[in-house]
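Asks: Mind having a look at this structure? Questions to follow.
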Amino acid sequence: MTERELLRSIRFWLIIFIVGLILSGITAFPLEHETAWAAHLAAHRAFVPASVAAWLDRVHLALDDESMRYPFLAYGTDWLAFAHIMLAVAFLGPMRDPARNKWVLQLA
């Protein structure tokens, strides 16, 4: 593998990692809406086992109850999402120049 191919491969995997971090961060914000959507979808699809649909509904009800009774707990998922996005930003340097910013990769 040439140096150019190695650099291309490193950048490719870093982009995949960054996109994954951003997507996992963004999806942590609207948990109530996502679980409501998933529970509704599972309840109306014949290919989803009843036990899975019931579990998704239970998860949604728990999140809904938690947000009404203890809204401050949502800050935990907000900070989790923020941390994922900030970690993705930290990997932009190694994506541009992996050799000069290898300390980020070694730290991770």
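Only the coordinates and a few stated rules stand behind these numbers; no lab work does. Quantities reported herein were computed from a predicted structural model and do not represent experimental measurements. Ideal geometry is used to build each Cβ from the backbone, glycine not excepted, and the neighbour counts take in all protein chains shown.
Asks: Tally Lys/Arg at +1 and Asp/Glu at -1 over every other residue whose Cβ is under 15 Å from the Cβ of A90; what's the total? Don't skip to the answer; put the middle values down first.
Replies: Working: positive: R96, R100, K102; negative: D97.
Net charge around A90: +2.
Asks: So, R0 is 41 Å and r is the distance between the beta-carbons of L6 and E34; what FRET efficiency does that work out to, to 0.05? Let's see the in-between values first.
Replies: Working: r = 38 Å, r/R0 = 0.93.
With R0 = 41 Å, the Cβ-Cβ based efficiency is 0.60.
Asks: Given the C-alpha centroids of segment 80-108 and segment 1-58, what is the distance between them in whole angstrom?
Replies: Centre-to-centre distance over Cα atoms comes out at 21 Å.
Asks: Suppose R0 equals 30 Å; then what is the FRET efficiency for V89 and D65 from their Cβ-Cβ distance, rounded to the nearest 0.05?
Replies: Values: r = 34 Å, r/R0 = 1.14.
Efficiency, from the Cβ-Cβ distance: 0.30.
Asks: By how many degrees, 0 to 90 and rounded to 10, does the Cα axis of helix 3-26 deviate from the longest principal axis of the chain?
Replies: 20 degrees
Asks: Output the 0 to 90 degree angle, nearest 10, between the alpha-carbon long axis of helix 50-69 and the longest principal axis computed from the alpha carbons of the chain.
Replies: So the helix axis and the longest Cα principal axis differ by about 90 degrees.
Asks: Taking the 0 to 90 degree range and rounding to the nearest ten, how far is the long axis of helix 74-90 tilted relative to the main principal axis of the chain, both from C-alpha atoms?
Replies: 20 degrees
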